[in-house]
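A quick write-up on the structure given underneath.
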Amino acid sequence: MALLPFVVANIRDIHTRAVAPGHFVTSADGTRIFAEARGNPSKPVIVFIHGFGIGAMAFNEIFDDPLWLLQVRYDTRGHGRSDKPNNAAAWVSQRLAEDFDAVVQKLQFEQTIWTHIADILSFHPSDYIAGIIYDAAAPDMTSLFNIGSPAALPLIPSLTQTTNVTQFQATYIDFINLCHPGPRALPLLAIFGADDKIIMKQAALDAMAGWQRLTVVTLPNAEHFTWISRPVLFRRQFCSGLLKMLNLR
Ligand SMILES: *[C@@H]1O[C@H](CO)[C@@H](O)[C@H](O)[C@H]1NC(C)=O
């Protein structure tokens, strides 16, 4: 089984529009794979495949960014919203290639590139995909043990054992912190009325100190009930913040 952060697809002649976010496709062995597509279907498609122990949501920052081309991502089996089969037959290399096939066929791309490249190319000719982009990737499980850092390698036994959940969860937090310190926070839009006689804005902000994705909006000439004081401005700020959170900007 390959262990690859992601690969990019450069797809020609796309015949379909992007599938709405959130779509299950069924792989050959019946495992359901959660895939998403977003962006401009006239552009080349980039397929992001995450690495060990995370999920497609790891690419939220890219999916939030309208400057990226049409993007596809999926939760690999055993991860995120995809099924988590626990029989050994579900974990042979060919199954990973079939997951890729299922997503590609569903999205009707003519030519794609994915991660799990070693698996995919084991069962398809090389022109099945247009190219590969590795981002900090281990090309296969064997090389992983030469590539992994001294900080990361000792975590592997705890992450691959199947008997101690406490141990797994504690180690997984260490793993995520090595991937990126302070994993992505929820977006928070904090709206204040400049003339609020109930809440002191700065004290409220102090209570939120350290929030990573904080947006502060202060409505001028607004009392505590901001939506009554400034109905139009409140709605505009509220909806614009909401659309950003929902990636609909
Ligand atoms: C499970 O792991 C935790 C944390 O490493 C450890 O404290 C505990 O003793 C382990 N439990 C068993 C049954 O091995």
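You can think of it this way: the chain between E61 and R235 has 60.1 nm of extra reach, that is 0.36 nm per residue less the Cα-Cα gap.
Computed with every protein chain present, the accessible area of I62 is close to 40 Å² [probe 1.4 Å]. Which shape class, rounded, prolate or oblate, goes with the stretch 197-249 when its Cα gyration tensor gives a ≥ b ≥ c as root eigenvalues, a/c under 1.5 marks rounded, and past that a/b bigger than b/c marks prolate? Since a/c reaches 1.5 but b/c is at least a/b, the shape of the stretch 197-249 is classed as oblate. Within 14 Å, Cβ to Cβ, of A88, how many net charges do the neighbouring residues add up to if Lys/Arg are +1 and Asp/Glu are -1? Around A88, the surrounding residues sum to +2.
Taking each residue as 0.36 nm, the span from K244 to S126 lengthens on full extension beyond its C-alpha to C-alpha distance by 38.5 nm.
Applying the Karplus relation 6.51 cos²θ - 1.76 cosθ + 1.60 with θ = phi - 60° to the stretch 162-173 yields 3J(HN,Hα) values of 10, 10, 10, 5, 4, 5, 4, 5, 5, 5, 5, 4 Hz, where x marks Gly and Pro. Over all distinct Cα-Cα pairs of the stretch 158-240, the Kirkwood formula returns a hydrodynamic radius of 15.7 Å. By a 1.4 Å probe calculation restricted to protein chains, W211 has an accessible surface near 110 Å², given to the nearest 10. The listed residues D196, D174, D140 rank as D174, D140, D196 when sorted by accessible area, largest first, using a 1.4 Å probe.
When only the Cβ of Lys, Arg, Asp and Glu is charged (+1, +1, -1, -1), the dipole of the stretch 174-235 relative to its Cα centre reaches about 200 debye. In this structure, the amide hydrogen of F192, modeled 1.01 Å from its nitrogen in the peptide plane, lies closer than 5 angstrom to those of V217, T218, L219, counting only residues at least 5 positions away or on a different chain. Of the residues H224, H79, ranked by 1.4 Å probe accessible area with the largest first, the sequence reads H224, H79.
The values are calculated or read from the model by the stated rules, or taken from the named source; none is laboratory data. This structure is a prediction, so every number in the text was calculated from the model and none was measured. Cβ sites come from the backbone with ideal geometry, for glycine too, and all protein chains shown count toward neighbours. Ligands, DNA and RNA are stripped out before the accessible areas are found, and what is left, the full protein with its side chains, is counted by its heavy atoms. Shrake-Rupley method; radii C 1.70, N 1.55, O 1.52, S 1.80 Å.
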